[in-house]
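Note sheet for the following structure.
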Amino acid sequence: MNRRIIAPFLFASLVLLAGCLSAPLQTTGGEAGTDATTISTTGTGEVTAEADLAVISVGVTATADSADEARGTVAEDVAAVRDALTEAGIAEDSIQSSGFRIYPEYDYGGEDRELVGYRAVHSLTVEVAPDRAGEVIDLAVGAGASEIRGVQFTLTDETRDELRSEALTKAVDSAKSDADAVASAADLSITGVHTANVGGSSSPGPYPVAFAEDARGSSAPTELSPGPVTVSATVEMVYTAE
């Protein structure tokens with residue numbers, strides 16, 4: 001009888017304490033009809049590292065009177081760009097086509113539109129170590145690239161997986177620390193993990209570096225300074241307590 005009278009009062013007190021500490025404390029139906037007290041927390045972990053991969057987007061364009069002529073000119077320029085990069089020691093499988101199109105161009109200055117030619121565009125993606133990004137830009141532009149559409153400093157898949165594991169560990173530690181604080185304030189002890197949900201991990205998108213000038217006539221090399229990349233992870237934990 002005493003247990004039936006005290007339990008509701010104790011439960012109300014625990015909920016009040018949990019609310020103050022921003023970690024919900026609940027009672028849920030357990031095995032054999034008993035009640036289990038749980039504490040829900042959310043933890044976030046972050047790990048920062050230097051970028052170990054640069055992704056350069058290169059555009060090669062050409063205009064001509066016919067679609068086939070524009071295609072042929074672009075093909076020659078792309079071959080020259082590829083040759084320049086591979087001769088510099090960049091692996092062929094690190095140079096990939098990311099887009100290709102040919103479309104007509106019109107002059108809309110008169111009453112009727114007038115076909116003035118065709119434009120062909122071939123986009124390449126080049127992946128190298130961050131310290132070679134500037135070199136790739138100079139080689140590509142010097143060999144015939146029309147534009148550098150952006151540079152992204154990011155992480156290789158292997159490095160990102162390693163950082164994600166570290167971030168998850170930190171997130172779980174953070175969630176457990178909050179749960180321990182709530183349990184201590186409520187005169188309870190954590191007895192185990194009831195459920196655990198892993199949220200999506202994220203890292204700030206690798207930032208683009210714009211390239212506006214045609215560097216073919218300049219002798220100054222392109223220099224870029226990559227910043228660190230942060231990988232974060234979130235976990236939602238529910239702990240049992242008594």
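Bear in mind these aren't lab numbers, they're just calculated from the coordinates by the rules spelled out. Bear in mind the structure is a predicted one, so any value in this text is a computation, not a measurement. Here the Cβ positions follow ideal geometry from the backbone for every residue, glycine too, while neighbour counts run over all protein chains shown.
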Practice task
Could you list V238, V58 in order of exposure, starting from the residue whose Cβ has the fewest other Cβ atoms within 10 Å?
Solution key: V238, V58
Exercise for the section: Give me the distance in nm between label points sitting 7 Å out from Cα along the Cα-to-Cβ direction at T48 and D131, one decimal. Expected result: 2.2 nm
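Could you line up D52, D77 from fewest to most neighbouring Cβ atoms inside 10 Å? Numbers along the way, then the final one.
Working: D52 16, D77 19.
Sorted ascending by nearby Cβ count, the order is D52, D77.
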Problem - At R0 = 45 Å, FRET efficiency that the Cβ-Cβ distance of S97 and S177 yields, to 0.05 - result: 0.35
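Express in nm, to one decimal, how much length is gained between E105 and A196 on full extension, taking 0.36 nm for each residue of separation and deducting their alpha carbon distance. Intermediate results must be reported in sequence, preceding the final value.
Details: separation 91, 0.36 × 91 = 32.76 nm, distance 5.66 nm.
Taking 0.36 nm per residue and subtracting the Cα distance, the gain is 27.1 nm.
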